[in-house]
Every structure is written in C-alpha cells, then in structure tokens.
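Structure, as structure tokens:
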Amino acid sequence: MMSRRRYELRDRIAGLDPERDHLEIYQLSAGREFPWDYTRALELALFRTYCVPSISALLAATGEFRDRPQKRYDDTALLMAEIAAHGYDSPRGREALRVVNRAHGRFTISDDDMRYVLSTFVFEPIAWLDRFGWRPPHEHERLAAFHYYREVGKRMGIPGIPAGYAAFARFKQDYEDRHFVFSATNQRVGEYTVGLFAAWFPAFLRPAVRLAVRGMLDEPMLRAFGFPAAPRWVGAAGELGLRVRALTLRWFGRPRRTSVLGVSSKNRTYPGYPAGYRPADLGAQAPSADFPAEHLRRP
C-alpha cells in the first residue's frame with residue numbers, strides 16, 4: 001500500500017524556489033527521488049550526443065571509446081556526480097569542474113556542440129521521467145534542472161546558453177533537426193557504447209541487451225547511427241517493463257533517506273569511490289603525439 005510519506009520529497013520540492021534553490025532541488029530529485037532514472041536517462045543523453053558527426057569524430061579520434069570505454073563512462077559519471085553532490089562552487093565541485101574544463105580545453109569543440117551536450121543533461125532526464133518516472137516531475141524540478149545546468153555551463157565557459165527553459169528546449173530540438181545525420185564515426189562510437197552496456201551482463205545475455213538498447217532508440221538516433229531498428233515488440237516490452245516498475249514504486253516505494261550522488265559502488269574503474277579518491281584523479285588521458293591536429297585547440 002502507498003506510504004503516506006511517498007510524496008514528501010515532492011512536497012518539499014514544491015515549497016522551494018526553482019531558481020534560487022535549484023541545487024537543492026536537483027540534489028533531491030537526482031539523488032533521492034529518481035536516482036536510477038537519472039542514471040539511465042543521463043546514459044541515454046550522452047548516447048544521444050554521439051549522433052552528431054562533429055562530436056563523434058572527436059570522440060573516435062581520442063580512442064577512449066575503443067580502448068577504455070568503461071573508464072570513459074566512469075570518469076564522466078563520477079565527475080558530474082561530484083559537481084551535483086557537493087555543488088559547483090564547493091571545493092570538490094570546483095575541482096571536478098577543473099578536470100572537465102581541462103579535458104575539453106585540449107580540443108577544438110564548437111560552442112554549439114557544447115551547448116547541445118549541456119541541453120541533453122537538462123531535457124533527457126525530464127523526458128525520461130515524463131514517460132517512465134513513478135510520478136511526473138514537478139514543474140520546480142524541470143526549472144531547477146535548467147537553472148542548475150545553466151550555472152554549471154557558465155562555469156565551463158560555455159557562451160550563449162539560452163536564458164529561459166523553453167528557449168533552451170527549442171535550441172536542442174533545432175540542433176538535432178540540423179545535425180542528426182549518419183556518419184561512420186557516429187556508428188563506431190555508437191557500437192562501442194552498445195558494447196559497453198552489453199559487457200555489464202553475462203555473455204549469454206549480451207545479444208539480448210544489444211537488441212534491447214536498439215529498441216530504446218528513436219528513429220532519428222537509429223538513422224544517425226545507421227543501426228537497424230529492433231522489432232517493435234522489443235521496444236514495447238521494454239516500455240511495459242519500465243511502466244510496471246514505475247507503478248510498483250508509486251504504490252510500494254518509500255522515499256530514500258540518503259542521497260546516492262557522489263557515492264558510486266558500481267563503477268568498475270575506481271573501487272570504493274569516493275574513499276581514497278579526489279576528482280583530480282579522474283579524467284581521460286592527454287592526447288598522444290600522433291593525435292589528429294584538426295581536433296586540437298591551438299595554443
């Protein structure tokens with residue numbers, strides 16, 4: 001039976017200001033109310049960015065997805081969790097941002113590409129929760145996600161972030177309409193990523209996992225990756241399972257008492273994190289001497 005406390009975090013969020021209190025709201029939503037959903041949605045958000053040839057070309061050139069996909073995944077997840085768990089202006093948050101900025105600063109990345117990646121962090125979790133959350137996100141959660149990532153983006157030196165939620169959503173959609181096209185690097189990075197997801201499961205399940213991942217991708221993503229669509233029943237079965245999970249959590253779940261942000265027991269690169277680690281210990285390796293010059297930022 002549904003606990004009387006089931007909606008206590010939503011009610012707490014409703015009493016906060018989404019602009020002034022955006023960090024607290026984001027911490028409550030991502031760390032306590034929907035931690036599993038945010039993890040899956042942010043995985044999909046990053047996967048979505050690989051549909052852009054200018055982004056996938058750089059990622060393919062680094063070799064990180066080919067040679068160290070699990071480390072690349074863990075570095076990204078842990079650095080973003082550090083910023084969220086401790087705040088972008090906290091000592092650990094600033095340290096994590098320095099690592100992120102140093103990694104991006106090595107390469108030539110367009111401002112539009114940076115804005116687009118940031119937009120996926122705002123809107124993909126919201127879209128996921130609208131479909132599969134045990135409750136829909138509160139309006140304050142939607143706006144707080146925008147304000148939170150806008151502040152993160154400012155500290156990453158990303159110019160021209162739209163000033164409003166709706167304008168940023170329009171930017172994201174317009175960008176995808178213009179830039180989601182097939183390329184060989186999209187396909188390679190996409191295949192490496194699907195392989196990473198499959199590797200988390202026993203060998204006999206991996207073909208099914210690969211099929212299930214394709215079943216979760218929309219038509220623009222399938223075209224941009226050059227992936228064949230999964231049979232319709234695969235997507236339908238996945239959606240049914242997620243909706244059953246949501247209904248079960250709605251009626252039988254309880255509010256999480258502690259946040260999972262910044263506490264990752266399942267990463268495979270840094271055992272026991274955060275014990276014994278600092279954000280500065282994370283991050284991709286520097287480019288090799290033979291790295292393609294067109295992707296390097298000039299001094």
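Values quoted throughout were computed directly from the atomic coordinates according to the rules given, and no laboratory measurement underlies them. Model, not experiment: these values are computed from the prediction. Cβ atoms come from the backbone with ideal geometry, glycine included; neighbour counts cover every protein chain shown.
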> Which ³J(HN,Hα) values in Hz, rounded to whole numbers, follow from the phi angles of the range 26-40 under the Karplus curve 6.51 cos²θ - 1.76 cosθ + 1.60, where θ = phi - 60° and Gly and Pro get x?
Replying inline: 4, 4, 5, 6, 7, x, 10, 7, 9, x, 5, 5, 5, 4, 5
>> Run the simple label-point estimate for LEU196 and SER265 please: 7 Å along Cα→C-beta, distance reported in nm.
In response: 2.3 nm
> To the nearest 0.05, what FRET efficiency results for ARG243 and GLU294 with a Förster distance of 41 Å applied to their C-beta separation?
Replying inline: 0.35
> For the chain, what is the calculated [θ] at 222 nm in deg cm²/dmol (nearest 500), taking -39500 (n - 2.57) for each run of four or more DSSP H residues and dividing by its residue count?
Replying inline: -19500 deg cm²/dmol
> Which of the peptides 228-235, 75-82, 185-192 is most tightly packed, and how do the rest follow, judged by the mean count of other Cβ atoms within 10 Å per residue?
Replying inline: 75-82, 185-192, 228-235
> Which of (i) -0.26, -0.68, -1.37; (ii) -0.37, -0.74, -1.17; (iii) -0.27, -0.67, -1.17 is the computed log10 I(q)/I(0) by the Debye sum over Cα atoms at q = 0.07, 0.11, 0.15 Å⁻¹ for the structure on display?
Replying inline: (i)
> Around PHE107, which amide H atoms from residues at least 5 apart in sequence, or from another chain, sit under 5 Å from its own amide H, with H modelled in the peptide plane?
Replying inline: ARG297
> What number, in percent, do you get for the relative contact order of the chain if the mean sequence gap of Cα pairs under 8 Å and at least 6 apart is divided by its residue count?
Replying inline: 35 percent
>> Binning at 5 angstrom from zero up to the longest distance, how are the C-alpha pair distances of the range 13-181 distributed in percent?
In response: 1, 8, 17, 22, 23, 17, 9, 3, 1, 0
>> Given Cβ point charges of +1 (Lys, Arg) and -1 (Asp, Glu) and nothing else, what value in debye, to the nearest 20, does the dipole of the chain about its Cα centre take?
In response: 840 debye
> Out of the range 53-87, which trypsin sites (Lys or Arg not before Pro) are coil in DSSP terms and have no more than 16 other C-beta atoms within 10 Å?
Replying inline: none
> Hey, can you rank 142-148, 201-207 by average C-beta count inside 10 Å, highest first?
Replying inline: 142-148, 201-207
> HN-Hα J couplings of the range 214-228 from phi, Karplus 6.51/-1.76/1.60, θ = phi - 60°, integer Hz, Gly and Pro as x?
Replying inline: 4, x, 8, 8, 7, 4, x, 5, 4, 5, 5, 7, x, 8, x
> Hey, what do the phi angles of the range 239-251 turn into as Karplus ³J(HN,Hα) couplings, whole Hz, using 6.51/-1.76/1.60 and θ = phi - 60°, x for Gly and Pro?
Replying inline: 4, 4, x, 5, 6, 5, 4, 4, 5, 4, 5, 4, 8
>> Placing unit charges on C-beta atoms (Lys and Arg positive, Asp and Glu negative, everything else neutral), compute the dipole magnitude of the range 66-118 about its Cα centre in debye, rounded to 20.
In response: 220 debye
> Among 173-181, 97-105, how do they line up from the highest to the lowest mean number of other beta-carbon atoms within 10 Å?
Replying inline: 97-105, 173-181
